[in-house]
Amino acid sequence: MTAVTTIIITPRDRYSGLDECVDSVYRHTPQPFQLWIMDLDYPASVIDPVRKQLAGRAEVRFFELGLRTPMDALREAQPLVDTATVVLLDNDSRVTAGWLQPLLDAHADGHAVVTPLILEREGVDRGAPLRNHLYTGELRVVDVGETPYLIEHKHFRRTEVPDIPDERSLTGTFELHCVLFDGDAFRRIELPSMVIREHLDISLQLAAMGKTMVVEPKSVIHFDNLGTRMVLSDMRFFFYRWGPKLTGPSSRLFERRWGYNFYSEQSMYNWVVRRKAFLVSRWLGAPIGIANRATQLAKKLFCRDWDPLPDPDGASRPLLTDGVPRQLSHDLR
């Protein structure tokens, strides 16, 4: 049977969990598919059991690419995609029953990008065991003095499941936890070497192409919000991906390409510091409550704040009201 999509699994923040991700795909996907696994220097303890499990399956392909960022890995696979659609799936996300067909139906209705409802499991902070991580989102712009900054605004952020809308809706942004692309659109987009805001760069590219993006909540994905303890190899990848040698240049690359800084740039760097403190604490055996207190201590000691506006969201306006910003550069690095 002809594959209806190519599912590409990349590490997001960690290596562990790949087996569960693959298991969920095979358990909940009756449609024929290709499965491509980006091996970004997985430890043998993680990748070997998966290779053994999938040995002999014609639909499976492993890409041995060494330690590199997910975007750089996807750029290797991009020109090889030959299916009508492609699904990007992070290895810390789990698909659920009936997840693919609603995405395919929305694509058949003419939408170039379809994101499922992404629910996050309780992790780095307390709250509902399962709540909204991403329904719809938009890019907004706020002025600090005479300088405009971008804001990524997420609607229904951390809303509990019964209160999340259940209808398909247009969205201005998506995230890479799980997203379905039209195959032609995926092959046309640029995949810049970014580890932060890369999904927003792609969102702007698609808007400039006149493509529509929707969220389809009939499809549900569960995302592990760093609640599961990492092993040492996981932290190696996290510290690499979220290290200052990659995060700072990512911001500058976005600025070169679109002419904007993000209002939350310093907050993102602070997030990285807090998450590293959280993960090390959890690795040492601390329960989530104590790990959260360690993050607050790290924030006081190592983080500086930049938040000059009392209500930046309230002072912001939609970015695309006057059209898509002109792309200033096509640099990928």
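Annotations
- Residue ranges of helices (runs of 4 or more DSSP H) in segment 8-81 with at least 2 members touching a residue at least 12 places away in the same chain (Cβ under 8 Å) and under 22 Å from Leu200 (Cα atoms): 70-77
- Annotation for segment 245-262: at least one member residue is of a type in the set (D, E, K, R) and buried (at least 20 other Cβ atoms within 10 Å of the Cβ).
- Selection of segment 292-319 for residues being closer than 30 Å to Gly210 by Cα and in contact with a strand residue (DSSP E or B) (Cβ under 7 Å, 6 or more places away or on another chain) yields Pro312, Asp313, Ala315, Ser316, Arg317, Pro318, Leu319.
- Exclusive hit being modelled with pLDDT of 95 or more, crowded, with 16+ Cβ neighbours inside 10 Å, over 30 Å from Thr29 (Cα atoms) and out of contact with any His (no Cβ under 6 Å at 6 or more places or on another chain), set Glu198, Glu265: Glu265
- Residue match in segment 120-127 (condition: farther than 21 Å from Arg275 by Cβ, surrounded by 22 or more Cβ atoms within 10 Å (Cβ to Cβ) and within 19 Å of the chain's Cα centre (by Cα)): no
- The set of residues from segment 218-231 being in contact with a Pro (Cβ under 9 Å, 6 or more places away or on another chain) and closer than 18 Å to Arg282 by Cα comprises just one member, Val231.
- Residue in segment 86-94 that is within 21 Å of the chain's Cα centre (by Cα), modelled with pLDDT of 95 or more and surrounded by fewer than 19 Cβ atoms within 10 Å (Cβ to Cβ) present: no
- Restricted to helices (runs of 4 or more DSSP H) entirely inside segment 171-278, those with at least 1 residues that are closer than 30 Å to Phe33 by Cβ and in contact with a helix residue (DSSP H, G or I) (Cβ under 8 Å, 6 or more places away or on another chain) are 183-188, 198-208, 232-241.
- So Arg168, is it crowded, with 17+ Cβ neighbours inside 10 Å and on the phi > 0 side of the Ramachandran plot: no
- Residues of segment 133-163 satisfying the condition of being at pLDDT below 95, within 20 Å of Arg94 (Cα to Cα) and either hydrophobic (A, V, I, L, M, F, W, C) or assigned to a loop (DSSP other than H, G, I, E, B) (or both): Leu134, Arg157, Arg158, Thr159, Val161
The values are calculated or read from the model by the stated rules, or taken from the named source; none is laboratory data. Computed from a predicted structure; not experimentally measured. Neighbour counts are summed over all protein chains in view; Cβ atoms, including those assigned to glycine, are modelled from backbone coordinates with ideal geometry.
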